[in-house]
Amino acid sequence: MHGRPRKPATPVDENASALKAAKIRSLQSQFLLNHHNNIYTKEALEINAKLIESNPEFMTAWNYRKLAFEHNLSNQSEADSDHIKSVMDEELQVVENALRKNFKSYGAWHHRKWVISKGSSSTERELRLLNLFQKQDTRNFHAWNYRRFIAGLKNISDEKELQFTTDMINDNFSNYSAWHNRSVLLSHLLEKKVVGYFPKEIFLKEEYEFVRNAVFTDPDDQSGWFYHLWLLDQTVKVDMPNLVSSWPPHGSEITKTTFPIVLFFNEPVEGVNLQTVSVQVEDAIFKNITWSLLSANKFKCGQAWLTHLTIPLGETNSSKIFQVKISSEYSQGIISSNDVPCSQHWSIEFRVSVCHDFQLEGQSLRRMLMTDENFCTVGINSNVMDLFKSYFELASDYEQPTSSKWKSEMIASELDQYRELLSWAECKIGKLTLARLLMANDAIGTTVAPNTSHVEEVLKLYSELMELDPAHYQYYKDEYSLAFLKQVTSSKESLMKYCGQYKESTSSNITGPMCLRLNSLSLSQIGSFERLLWVQSLDLSHNQLHSIEGLEALQLLSCLNLSHNKVGSFMALDPLRFLKSLRVLNISYNEIGAHTVDTRRYLCSSPLSHTFDYDKKFEEFATGDEKVLNCWEAYSVFGGLDIMQLDVVGNAAADERFMLFLVKLLPGLKWLDGEELH
Amino acid sequence: MADDGDLLCRSHADRGLEDQLFDRERHIRYLEMNYQILPSPYESQEINHLTLAYFIISGFHILHALDRIDREAVIDWILSLQAHPKNEAELNNGQFYGFHGSRSSQFQSVGNGVSVPNNSHLASTYCALAILKTVDYDFSLIDSSSISKSMKHLQQSDGSFMPIHTGAETDLRFVYCAAVISSLLDNWSGIDKEKAKNYILSCQSYDGGFGLIPGQESHGGATYCAVASLRLMGFIEDDLVSKCTSSCILDVPLLLDWCLQRQAVDGGFQGRPNKISDTCYAFWVGGVLKILGANKFLNERTLREFLLTCQSEYGGFSKFPRQLPDLYHSYYGFTAFSMLQETGVNSLNIELGISTIHHTNI
């Protein structure tokens, strides 16, 4: 429909349009009269058909035809198949004429579906019609939808439909609607385990070749690349959920009698509970264990699951070593968000040595300074170091080698192909695909230890992309950060370079645990949490972080430096809620409160996201203080924590009133922005 | 191809600087012309008369020119299109009592016992209520309970909505209509929100966008219907991206990827992958980005440039650059400029599809 600006019309034009209007008006009033009086004669239907042919958008006219159709068939006392057929043919013809006038008419396509589902009609006729319209406009989604409808109704095999998409793509590989239908059909075939399409490696190889033709013909056309991305996703998708790491790690020895247990899976799972996971201390099975989810996704699944264990000490005063075993009792009960059960059995064993000296380890009340001057590398003999070592040396023992030979072969061959493409085509999406292939290649390697042989190349590709395509800078930056962290956390040796401890400024005493220093690396995102579960002290300062999503898995974290980042709101710090061991926190020099949209709009009036149970208490807390009501977000993040040292200076939100709020909220606070509280 | 490009560049340059601005006065004139008499190419849209009126009247409001209409006449005309049940019992006969799209689908009631076909439609009902809201009509005067009560019959067991009780396609468009009607009436009794939510979520495709029905190719308009409905029903909040997204019912990162990729190299938005930019998707997809709080990620400068190539010299906007304007694309051109915070243009309530109402202004 295109409205035309009015230009002076010639008398001839005016005459013609007046005639046309008169004709339509007369048809319309005759039709409405028939409709009103329930007249469904042949003549009445002809008037209606003429009206529809000139205006397929007239929905009332379609509805009348449905009434007429039912009326005329119900009058047949016995099934007269010839009569039914002629009535149906008539309807289909009217629809076809309407579609020729406007092939995007919702009403016409719907009427056809309605008629077809009333009874038999020839499949060939429908396919012929579809071919006509799908040739005319290859992206016409009415036609594609109708095609899926007919294929379902007439039980046309998915293979046949797949062949149709092949033909359409061969005509024009730029047709994303055809690629889309292809991915839908292949998913069906795989799901139904049709011979030739199951397991998926059978068709994936051919599909890679097929899409390669499109991509190599015109590397600047998007459709093929999108489909390639779907294929890559199908290739690397994990087949089943599995445990990838834990705290405490298998084979370790820890010295605290109350400690968190974290299970980290390769994908979000549900069903971690007393029935599926057993916790055994010496020979006794612990029955009063509650597993909880750290940061649920929409399916109530999560990668990280948490519980706390307290070793019952009994009467003995002497040192004793307890053997703890955590194992999958009924692994089928642990299922991924796609309902795939965890079928591998796993078990983690570690020792807890009860040594009273360690129980007395109190919190220092001195202010902790995380400065370069106070930083020193780790003494090789320290206790933490041992734990750290056991984590890396044994962590891989229960990583299950996947049946990934075909995957690595497939990806290796794709790598060769796309390296070749990039040798003659300057193409950003090609570079991006290569980077994704390289990461996929490392992720599914057959070796047990994480493979990072291609990370350097990946980092180089993302650096190039950041320059080449500044519009998507942030995306490349995020991917760069994740690849970089994968490399850092891949081995003990590479991690060691980033670890150290802090001395007290006045003496050379070591304060606090070993610290992982990932500062000043211009990271915009963090990841690889499964290899960082041991971290107690983490320095992420002077990066470009907007979010700390995932950090909640680091349950031992007691000291966190996030200063000089780009955190924009308290909600972005939400993962801190789960870090109950946190004592020292530095969020100074961020952008909290600098973005009005982030800080002023979700006050306590919003019951949607704030489903956790602070609401009542907050009301009491804020009673009589209008201004405190604006601090809901900060309350929800810090309210359940016992923070001793906090730095918030350098944020727009950190005004005087907010400082008073923090002092009231955190009774255990000793240091605020470097000043000792009394 | 290169020659064409040069030609375009030249003609673009020839048009001069004044063409590079949003021409509010001209747009108002364009709406006035259409307000007085609809051009003949709209004859096939007679059944959607109310929808065309919605584009014009809401368009005036966005352009701060609501004084150009005869408010009382508009209200009378719209109210005359409402279908009323004869009595309370009729409300349970399965029919929908909303608004008719135009006179031709409406019959004068007759007292002879013959059933009077009632063709009121969800989309027309949405447009009628949107106009009444725009002209600040007192909603307590509307028989809203018969709309809500009878709308319930249109919801299908899978959660989707049929637009008319005589039967038609069921998809996300009409879930959106039902949600926006409920929101405007402030009466949610006509919709099973939980079912509707599940239907919407089942329409999210593997690429992050939404199809009109489950399994369909993702589409900008369907994605708007999905996200705006969830927002109206209260299942999602504003500015999802600035928060932790892991607890959201939607796959927000994937949705965000899909939406952002719809901004094409010419700056405009496309409705599906690898299609050409079209004015209206600046609203459908841009609106989703706005609801998600992610509009800061789109390139506003190039979007504005694209939209201005679709601005007609007669006022209004066309679908593609340098074509004749139509009401539909004009309206979504105006809404796009509202989202771009053009001066002299009213702010927008994205999920309702109309301007923000300031009661004192009228």
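The values are calculated or read from the model by the stated rules, or taken from the named source; none is laboratory data. Not measured: the values here are computed from a predicted model. Cβ: placed from backbone, ideal geometry, glycine included. Neighbour counts: every protein chain shown.
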Q | Which numbered condition B:Val241 fails, given (1) more than 20 Å from A:Asn175 (Cα to Cα); (2) at pLDDT 90 or above; (3) in a helix (DSSP H, G or I) | A | (2)
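Would you check if A:Lys237 is farther than 27 Å from A:Thr138 by Cβ, of a type in the set (D, E, K, R) and free of Cβ contacts under 8 Å to residues at least 60 places away in the same chain?
Working: farther than 27 Å from A:Thr138 by Cβ: yes; of a type in the set (D, E, K, R): yes; free of Cβ contacts under 8 Å to residues at least 60 places away in the same chain: yes.
Judged against the criteria, A:Lys237 is a match.
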**Q.** Filter result for B:Ser157 (away from chain A (no Cβ under 14 Å), touching a Lys or Arg at 6+ places or on another chain (Cβ under 9 Å), modelled with pLDDT of 95 or more and in a helix (DSSP H, G or I))
**A.** no
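Look through B:Gly353, B:Gly344, B:Gly333 and report the one residue that is under 13 Å from the mean Cα position of the chain (by Cα), more than 12 Å from every other protein chain (Cβ to nearest Cβ) and farther than 21 Å from B:Leu240 by Cβ. Write out each step before concluding.
Values: B:Gly353 fails: farther than 21 Å from B:Leu240 by Cβ; B:Gly344 fails: under 13 Å from the mean Cα position of the chain (by Cα).
Going through B:Gly353, B:Gly344, B:Gly333 in turn, the sole match is B:Gly333.
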**Q.** Set B:Pro214, B:Pro163: member being within 18 Å of the chain's Cα centre (by Cα) and assigned to a loop (DSSP other than H, G, I, E, B)
**A.** B:Pro163
Q. Do the conditions hold for B:Tyr176, that is, is it away from every other protein chain (no Cβ under 14 Å) and of a type in the set (Ser, Thr, Tyr)?
A. yes
(Q) Can you find a residue that is more than 20 Å from the chain's Cα centre (by Cα), of a type outside the set (Val, Ile, Thr), under 26 Å from B:Thr170 (Cβ atoms) and surrounded by fewer than 24 Cβ atoms within 10 Å (Cβ to Cβ) anywhere in segment B:275-283? (A) yes
Q) Among the residues of segment B:228-249, is there at least one that is more than 11 Å from chain A (Cβ to nearest Cβ), buried (at least 19 other Cβ atoms within 10 Å of the Cβ) and in contact with a strand residue (DSSP E or B) (Cβ under 8 Å, 6 or more places away or on another chain)? A) no
**Q.** Count of residues meeting criterion [without any contact (Cβ under 8 Å) to a residue 60 or more places away in the chain, out of contact with any Leu (no Cβ under 7 Å at 6 or more places or on another chain) and under 18 Å from B:Pro273 (Cβ atoms)] in segment B:217-239
**A.** 2
Q) Would it be correct to say that B:Gly208 is more than 9 Å from chain A (Cβ to nearest Cβ), touching a Pro at 6+ places or on another chain (Cβ under 9 Å), farther than 22 Å from A:Tyr146 by Cα and assigned to a loop (DSSP other than H, G, I, E, B)? A) yes
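Residues checked against (1) in contact with a Leu (Cβ under 9 Å, 6 or more places away or on another chain); (2) farther than 26 Å from B:Arg103 by Cα:
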position	(1), (2)
A:His36	no, no
A:Tyr40	yes, no
A:Lys66	no, no
A:Asn75	no, yes
A:His83	yes, yes
A:Leu92	yes, yes
A:Glu96	yes, yes
A:His110	no, no
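In segment B:166-205, how many residues are under 30 Å from A:Arg182 (Cα atoms) and part of a helix (DSSP H, G or I)?
Let us first name the residues in segment B:166-205 that are under 30 Å from A:Arg182 (Cα atoms), namely B:168-176, B:195-205.
With the extra rule that they be part of a helix (DSSP H, G or I), the set shrinks to B:172-176, B:195-202.
The number of residues fulfilling the criteria is 13.
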Q | Filtered residues of segment B:303-316 (kept if closer than 16 Å to B:Ile276 by Cα and either at the interface with chain A (Cβ under 9 Å from one of its Cβ atoms) or not in a helix (DSSP H, G or I) (or both)) | A | B:Cys310
Q) Of all strands (runs of 3 or more DSSP E) completely enclosed by segment A:211-318, which ones contain at least 1 residues that are closer than 26 Å to A:Ala440 by Cβ? A) A:243-247, A:258-270, A:302-310
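Across segment A:126-140, what is the number of residues that are part of a helix (DSSP H, G or I) and either surrounded by fewer than 20 Cβ atoms within 10 Å (Cβ to Cβ) or at pLDDT 95 or above (or both)? Spell out how you get there, then give the answer.
Filtering segment A:126-140 for residues part of a helix (DSSP H, G or I) gives A:126-136.
Checking which are either surrounded by fewer than 20 Cβ atoms within 10 Å (Cβ to Cβ) or at pLDDT 95 or above (or both) leaves us with A:127-132, A:135-136.
Here the count works out to 8.
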Q | Complete set of residues in segment A:59-108 that are more than 51 Å from the chain's Cα centre (by Cα) and more than 18 Å from A:Glu46 (Cα to Cα) | A | A:Ser74, A:Asn75, A:Gln76, A:Ser77, A:Glu78, A:Ala79, A:Asp80, A:Ser81, A:Asp82
Q. Taking B:Gly190, is it touching a residue at least 24 places away in the same chain (Cβ under 8 Å) and within 13 Å of chain A (Cβ to nearest Cβ)?
A. no
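Answer yes if at least one residue in segment B:129-145 is closer than 30 Å to A:Ile52 by Cα, within 14 Å of chain A (Cβ to nearest Cβ) and not acidic (Asp, Glu), and no otherwise.
No, because not a single residue in segment B:129-145 is closer than 30 Å to A:Ile52 by Cα, within 14 Å of chain A (Cβ to nearest Cβ) and not acidic (Asp, Glu).
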Q | Long-range neighbours under 6 Å by Cβ, at least six apart or interchain, first residue more than 10 Å from every other protein chain (Cβ to nearest Cβ) within segment A:295-306, second in a loop (DSSP other than H, G, I, E, B) and modelled with pLDDT of 90 or more | A | A:Trp305/A:Val272; A:Trp305/A:Trp291
Q.
Cβ contacts < 7 Å: first residue closer than 16 Å to B:Arg26 by Cα and at pLDDT 95 or above, restricted to segment B:53-64; second residue among the basic types (Lys, Arg) and outside any loop (DSSP other than H, G, I, E, B), any location; separation 6+ or different chain. Result?
A. B:Phe60/B:Arg68; B:Leu63/B:Arg24
Q | Failed item in (1) assigned to a helix (DSSP H, G or I); (2) of a type in the set (A, V, I, L, M, F, W, C); (3) closer than 27 Å to A:Leu190 by Cβ, with A:Ile156 passing the rest | A | (1)
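Against the definition (loosely packed, with under 15 Cβ neighbours inside 10 Å and at positive phi), how does A:Asn172 come out, yes or no?
Numbers: loosely packed, with under 15 Cβ neighbours inside 10 Å: yes; at positive phi: no.
Criteria not met by A:Asn172.
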Q) So which of B:Ser146, B:Ser183 is buried (at least 18 other Cβ atoms within 10 Å of the Cβ) and modelled with pLDDT under 95? A) B:Ser146
Q: Please work out which residue is modelled with the lowest pLDDT, limiting yourself to segment A:446-490 and to residues that are in contact with a Ser or Thr (Cβ under 8 Å, 6 or more places away or on another chain) and of a type in the set (Gly, Ala, Ser).
A: A:Ala449
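Would you mind finding the one in B:Gly267, B:Gly293 that is more than 26 Å from B:Ser229 (Cβ to Cβ), within 13 Å of another protein chain (Cβ to nearest Cβ), surrounded by fewer than 23 Cβ atoms within 10 Å (Cβ to Cβ) and touching a Ser or Thr at 6+ places or on another chain (Cβ under 8 Å)?
Working: B:Gly293 fails: more than 26 Å from B:Ser229 (Cβ to Cβ).
Testing whether each residue is more than 26 Å from B:Ser229 (Cβ to Cβ), within 13 Å of another protein chain (Cβ to nearest Cβ), surrounded by fewer than 23 Cβ atoms within 10 Å (Cβ to Cβ) and touching a Ser or Thr at 6+ places or on another chain (Cβ under 8 Å) leaves just B:Gly267.
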(Q) I'm trying to understand the selection: among the residues of segment A:176-204, which are of a type in the set (Phe, Trp, Tyr) and in contact (Cβ under 8 Å) with a residue 40 or more places away in the chain? (A) A:Tyr176, A:Trp179
Q: Sort out which residues of segment B:260-292 are outside any loop (DSSP other than H, G, I, E, B) and among the hydrophobic types (A, V, I, L, M, F, W, C), and write them in order of number.
A: B:Leu260, B:Phe269, B:Ala282, B:Phe283, B:Trp284, B:Val285, B:Val288, B:Leu289, B:Ile291, B:Leu292
Q. Within segment A:162-190, which residues are within 13 Å of another protein chain (Cβ to nearest Cβ) and in contact with a Leu (Cβ under 8 Å, 6 or more places away or on another chain)?
A. A:Thr165, A:Arg182, A:Leu185, A:Leu186
